[in-house]
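Note sheet for the following structure.
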Amino acid sequence: MGPMNNLLTVEEVKNYLAVEQQELERYIAQGKLQAYKIGGTFLRFRKEEVLNLRFEIQPSSPRRAVKKSAGFFSHITDFWRFNNFYILSTLAVAAALYFILRA
């Protein structure tokens with residue numbers, strides 16, 4: 001595995017970190033990510049540094065979904081969805097027993 005395999009392009013880093021160009025430039029300006037010029041024009045980034053930055057910013061990333069607590073109606077809906085067969089079967093058996101034993 002050569003040294004070029006450890007270098008990532010700007011697009012690869014943006015996709016891997018899930019950031020826009022401005023945010024990537026801010027990380028470079030803040031010194032959180034070191035950019036290397038290859039051939040004087042092409043920017044590359046060390047894969048190890050990108051991995052370290054990803055683990056550093058991942059917990060506070062605004063792109064992560066925020067889990068909302070379920071409300072009372074949601075709990076009732078879930079209960080009905082998973083137990084409706086048993087509830088309806090119990091009611092049917094109770095009704096059948098009522099009509100059979102009533103006589």
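The values are calculated or read from the model by the stated rules, or taken from the named source; none is laboratory data. For clarity, every value in this text was computed on a predicted model and none was experimentally measured. Virtual Cβ from ideal backbone geometry, glycine too; neighbours counted across all protein chains shown.
Going by what's in this entry, would Ala103 be described as over 20 Å from the mean Cα position of the chain (by Cα) and modelled with pLDDT of 90 or more? Write out each step before concluding.
Values: over 20 Å from the mean Cα position of the chain (by Cα): yes; modelled with pLDDT of 90 or more: no.
For Ala103, the condition - over 20 Å from the mean Cα position of the chain (by Cα) and modelled with pLDDT of 90 or more - is not met.
Residues of region 13-28 being without any contact (Cβ under 8 Å) to a residue 24 or more places away in the chain and either surrounded by fewer than 10 Cβ atoms within 10 Å (Cβ to Cβ) or touching a strand residue (DSSP E or B) at 6+ places or on another chain (Cβ under 8 Å) (or both), which ones? Can you show your working first?
Kept after step one, since they are without any contact (Cβ under 8 Å) to a residue 24 or more places away in the chain, are these residues of region 13-28: 14-15, 19-26, 28.
Once the filter is applied, which keeps residues that are without any contact (Cβ under 8 Å) to a residue 24 or more places away in the chain and either surrounded by fewer than 10 Cβ atoms within 10 Å (Cβ to Cβ) or touching a strand residue (DSSP E or B) at 6+ places or on another chain (Cβ under 8 Å) (or both), region 13-28 yields Gln22, Ile28.
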